[in-house]
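First comes the structure, then the notes that go with it.
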2 protein chains.
Amino acid sequence: MNASLIMIGTELTRGIIQDKNGPMISRELTHLGVHVSLFEILPDDGSIETVLAAEISRSSLVIITGGLGPTTDDMTRRVIADASGHPLIRDNESWNSLLAKLGERAYGPNEKQAMIPEGFSIIPNGNGTAPGFYGYAGSCLIVCLPGPPRELEPMLYDSVLPLIRKKLDLPDAERDEYSTFITAEAKLEELYEGIDPDLDWGTRFQDYRISLYVSGKTAGERGKAIAKLRMMLGEGRVADGDTDPLTILINALEKRSATVAAAESCTGGLASALLTERPGSSSFMLGAVTSYAASAKENVLGVPVSLIEEHGTVSGECAVAMAEGVRRIMGSDYSFSITGVAGPDEDENKPVGTVYIGFAGKDRQSESIMLKFISWGRASVRRRAAAAAFILLAMYIEGRSPSEIVPSWNYL
Amino acid sequence: MNASLIMIGTELTRGIIQDKNGPMISRELTHLGVHVSLFEILPDDGSIETVLAAEISRSSLVIITGGLGPTTDDMTRRVIADASGHPLIRDNESWNSLLAKLGERAYGPNEKQAMIPEGFSIIPNGNGTAPGFYGYAGSCLIVCLPGPPRELEPMLYDSVLPLIRKKLDLPDAERDEYSTFITAEAKLEELYEGIDPDLDWGTRFQDYRISLYVSGKTAGERGKAIAKLRMMLGEGRVADGDTDPLTILINALEKRSATVAAAESCTGGLASALLTERPGSSSFMLGAVTSYAASAKENVLGVPVSLIEEHGTVSGECAVAMAEGVRRIMGSDYSFSITGVAGPDEDENKPVGTVYIGFAGKDRQSESIMLKFISWGRASVRRRAAAAAFILLAMYIEGRSPSEIVPSWNYL
């Protein structure tokens, strides 16, 4: 079973941006047992035309990314129509959904984005204007996807991989999916190879999680390996299925119709930005304070000056006072705070990566925990601190005590 | 002048590692004015053989990376020898230098690494065992380099690019770089093609800017085209060189040693997270309030209940009150606020994409402006709102009035 990947974009062949789709797609195809025999990057200059004919004749599957935009150098859809021997027709559902998205700003060239070869089917795009499409040229399955990874990635996992498995009649490898948090990809690989190198482990790195796929051997043996990994990383660090810390927290809040507020120092608004990222977040999120300066901690959150003088701002005492302060001024059911040293320089004689997280809730004892992250840079410390706060607050909401959970955590 | 890039490695086609050489080489070739017409990644399975013949006949330059190791699946050098019609011979200088590097660890297969087609020349490799080599197949220049980027990169810059410039007799190209903000890539392309399609325009999309490269014609004509683009987008939307809205704001703050605070509603902490993203941000950033709920606007920022009842939270009046409120509680020199409808649903009868930004400063009249963004989704409205706030606050700090600037803005 051979597949060809063709990535189109002059910005790729010129090296202006780097293709991220190809490696992801070919990794997933390899997982499915499909051999990627060719992987080509072509400019927007029509060279796809000669390449496509050759690939169709020798492959069972051709995946094409890019070249679906509204501008004139995007000729992918015409070339595919020619190669498959079907005329381009307008898909009315796509055109209507495009009009609904763009309103009166839809302009002439956008209409091209709703054109597909006759007999082909649409692959919906939740994050952009160009849908993907698939169909056959002879016995070769052609799948065509938009270039931006933010649009392509969900389409790949939600629609394309299941479609390929079905159309190419691939055996269902038994495969379990998990999500892991806060650990580095290289460390995770080292750990699971140590647990059982005979299982087929695969990872997919994302900002706030690493998706982990395990296949091979029996379900029981896979389960045993994951149990071992859970123990090694610590409670709450490996979740079933595809999820992330933000979703885990939102689920905990929504289950209790509870509201939340945040007080941030080293994360500087990142946790707040994440909490408000999704539609409908106003149902649980009341507000947040970035108390970056010590004066903001004192004047806005009411952290006592004497507390800061005695313990410093990077302390469990300050974290608790921040969490209680923001809960009081925002009037939320629960709150958390993050204060620490994101780097690159140490602060208050605490090394980079030292982070305190505080928790408060109505009818609950406030508490704080300390984490020591390995420093892979400022952005990474901030991301991991926010992820840890979400996971631990979800547990706090469920009546657990973060300070009993954190001692089990390793490899931060 | 056409070039073909061929990257060899099964670990690349399987997505196990990602090719980093291709984008780098093609970017540099584009700089030199060489058109990269094909960019192929092939497995180690001999498919290079059929590909190479075709590329030699249509390109002036073929660069091949990878497939020079001592193991048996690396057949690149034999294929090149066949294609160029020269036998493989041992380059004694390379063999001696390899022996000197490896000492008694040199083993049989290493000898292969000193073999090159007769008449070809060696490109020394300071960081590995396999040297590169170059020569001609007919009139096509073939350059062959080892795959590891650590070895390839210095060879590319020190030897290969000067060699290509000399062998292909290339002139020095002049190129100007700009950054543009808040406009969609497709719209930008449509605009600049309309201004002067004979210039060589290139874009590189990033989260908070699109880098724009212009080359061709004279510097005067390039300058005229950019002036026209500036006029079409509006003041502050095209900047010289490679920069972004956050950097522009930070420069304005640092020039005056001024401090800033932010009040956010629809951006929910995003502007604050960006303002604290870089090391040293505590020198200008005091803090921020995400006043997501109306009660937070009233209780924390002191926005009068009557103001919200009369004008709503998505209004210029509320934006000004939020900006003044956060400046008061944080004690900053300047402040800004963002309140609007990020979507997906409209709010207070205002359509998605409606955003008000407020500005306040000591000894300055507060003011607000309204922007109507096309909705490409919630995340995009939030990103563009933050970018607009940074650009306009920088101008406000410089004594300008945002409400006099915004009417010149188009294509939001």
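The values are calculated or read from the model by the stated rules, or taken from the named source; none is laboratory data. Model, not experiment: these values are computed from the prediction. Cβ placement follows ideal geometry from the backbone for every residue including glycine, while neighbour counts extend to all protein chains displayed.
Evaluation of B:E189 against the conditions (1) outside the structural domain of B:L29 (by TED's automatic domain parsing); (2) more than 23 Å from B:A219 (Cα to Cα) shows that the sole unmet condition is (2).
Entry remark, the range B:38-55: residues being more than 16 Å from B:P148 (Cα to Cα) and surrounded by 20 or more Cβ atoms within 10 Å (Cβ to Cβ) number 7 in total. Residue-level check: of (1) touching a helix residue (DSSP H, G or I) at 6+ places or on another chain (Cβ under 9 Å); (2) within 22 Å of A:L52 (Cα to Cα), A:L163 misses just (1). Scanning the range B:349-359 for residues that are within 32 Å of the chain's Cα centre (by Cα) and part of a loop (DSSP other than H, G, I, E, B) yields a count of 3. The residues of the range B:5-20 that are surrounded by 24 or more Cβ atoms within 10 Å (Cβ to Cβ) and either at pLDDT below 80 or not hydrophobic (A, V, I, L, M, F, W, C) (or both), listed by number, are B:L12, B:T13, B:D19.
Residue-by-condition table, conditions (1) touching a residue at least 40 places away in the same chain (Cβ under 8 Å); (2) of a type in the set (G, A, S); (3) closer than 22 Å to A:E398 by Cβ:
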| site | (1), (2), (3) |
| --- | --- |
| A:S281 | no, yes, yes |
| A:N299 | no, no, no |
| A:P304 | no, no, no |
| A:G312 | no, yes, no |
| A:A319 | yes, yes, yes |
| A:Y334 | yes, no, yes |
| A:V341 | yes, no, no |
| A:P351 | no, no, no |
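Residues that are at the interface with chain B (Cβ under 8 Å from one of its Cβ atoms) and in contact with a Ser or Thr (Cβ under 9 Å, 6 or more places away or on another chain) were ranked within the range A:300-333; the one that is surrounded by the fewest Cβ atoms within 10 Å (Cβ to Cβ) is A:G331.
Regarding the range B:338-345, can at least one residue be identified that is at negative phi and either more than 14 Å from chain A (Cβ to nearest Cβ) or assigned to a helix (DSSP H, G or I) (or both)? Checked the range B:338-345: no residue is at negative phi and either more than 14 Å from chain A (Cβ to nearest Cβ) or assigned to a helix (DSSP H, G or I) (or both).
Annotation for the range B:266-277: no member residue is free of Cβ contacts under 8 Å to residues at least 40 places away in the same chain, assigned to a strand (DSSP E or B) and at the interface with another protein chain (Cβ under 8 Å from one of its Cβ atoms).
Yes or no, residue by residue, for (1) closer than 18 Å to B:T259 by Cα; (2) over 33 Å from the mean Cα position of the chain (by Cα); (3) not assigned by TED's automatic domain parsing to the domain that holds B:S265:
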{"position": "B:H311", "(1), (2), (3)": "no, yes, no"}
{"position": "B:S315", "(1), (2), (3)": "no, yes, no"}
{"position": "B:A323", "(1), (2), (3)": "yes, no, no"}
{"position": "B:R327", "(1), (2), (3)": "yes, yes, no"}
{"position": "B:G340", "(1), (2), (3)": "no, no, no"}
{"position": "B:D347", "(1), (2), (3)": "no, yes, no"}
{"position": "B:G361", "(1), (2), (3)": "yes, yes, no"}
{"position": "B:Q365", "(1), (2), (3)": "yes, yes, no"}
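Residue count for the range A:278-299, restricted to those that are more than 8 Å from every other protein chain (Cβ to nearest Cβ), in contact with a strand residue (DSSP E or B) (Cβ under 9 Å, 6 or more places away or on another chain) and either assigned to a loop (DSSP other than H, G, I, E, B) or surrounded by fewer than 24 Cβ atoms within 10 Å (Cβ to Cβ) (or both): 2. Tell me, please, whether a residue that is within 30 Å of B:S215 (Cβ to Cβ) and polar (S, T, N, Q) can be found in the range B:65-85. Within the range B:65-85, one or more residues are within 30 Å of B:S215 (Cβ to Cβ) and polar (S, T, N, Q). Scanning the range A:16-42 for residues that are charged (D, E, K, R) and facing another protein chain (nearest Cβ under 7 Å) yields A:R27, A:E40.
Hey, could you check the range B:346-386 for residues that are β-branched (V, I, T) and touching a strand residue (DSSP E or B) at 6+ places or on another chain (Cβ under 8 Å) and say which is nearest to B:S332 (Cα to Cα)? Of everything passing the filter in the range B:346-386, B:I357 is nearest to B:S332 (Cα to Cα). Annotation for the range A:365-384: no member residue is of a type in the set (D, E), more than 18 Å from A:T290 (Cβ to Cβ) and part of a loop (DSSP other than H, G, I, E, B). The single condition from (1) more than 9 Å from chain B (Cβ to nearest Cβ); (2) more than 20 Å from A:Y208 (Cα to Cα) that A:I250 fails is (2). Of all residue pairs spaced 6 or more apart or on separate chains, those with beta-carbon atoms under 6 Å, a first member in the range A:387-405 that is in contact (Cβ under 8 Å) with a residue 12 or more places away in the chain and a second member that is outside any helix (DSSP H, G or I) and of a type in the set (D, E) are A:S403/A:E367; A:I405/A:E235.
In the condition set (1) within 30 Å of A:I17 (Cβ to Cβ); (2) more than 12 Å from every other protein chain (Cβ to nearest Cβ); (3) modelled with pLDDT of 90 or more, B:P117 is compliant with all but (1).
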